[in-house]
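The values are calculated or read from the model by the stated rules, or taken from the named source; none is laboratory data. Fair warning: this is a prediction, and the values are worked out from it, not measured in the lab. In this analysis, Cβ positions are derived from the backbone assuming ideal geometry, glycine residues included, and neighbour counts consider all displayed protein chains. Protein only, heavy atoms only, side chains kept; ligands, DNA and RNA dropped before computing areas. Shrake-Rupley method; radii C 1.70, N 1.55, O 1.52, S 1.80 Å.
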Amino acid sequence: MSSFIVAGGTNFAVGIYRAYSSNGVSSNLHAVVITGITADGSKYICSDSQNGVVIKYIDIDCIEKYTGVSGL
């Protein structure tokens, strides 16, 4: 998925992730739109319109499922 996102243009992905609290307990699954990846490749850059978050960084290991979208 990383190479697909980095290819640029209008590529993006819809992903499902599981967040973890500081004590390691997992929460429910949540969907985000993945629009990029950090320079070191450890996190996806996402937006979360359900919670009103424009930019959110999620560890790549927390993404459980995704689908790529090419175009608008």
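Things worth noting here:
- Filtered by the rule that a residue be in contact (Cβ under 8 Å) with a residue 24 or more places away in the chain and either surrounded by 12 or more Cβ atoms within 10 Å (Cβ to Cβ) or not small (Gly, Ala, Ser) (or both), the range 30-41 gives Val32, Ile34, Thr35, Gly36, Ile37.
- Residues in the range 42-72 that are of a type in the set (Gly, Ala, Ser) and open to solvent by 30 Å² or more (accessible area, probe 1.4 Å): Ser42, Ser47, Ser49, Gly52, Gly68, Ser70.
- Only strands (runs of 3 or more DSSP E) whose full extent lies in the range 22-72 are considered here, and the ones with at least 1 residues that are touching a helix residue (DSSP H, G or I) at 6+ places or on another chain (Cβ under 7 Å) are 26-37, 43-48, 63-69.
- Test: residue in the range 18-29 that is modelled with pLDDT of 85 or more, open to solvent by less than 40 Å² (accessible area, probe 1.4 Å) and touching a strand residue (DSSP E or B) at 6+ places or on another chain (Cβ under 6 Å): no
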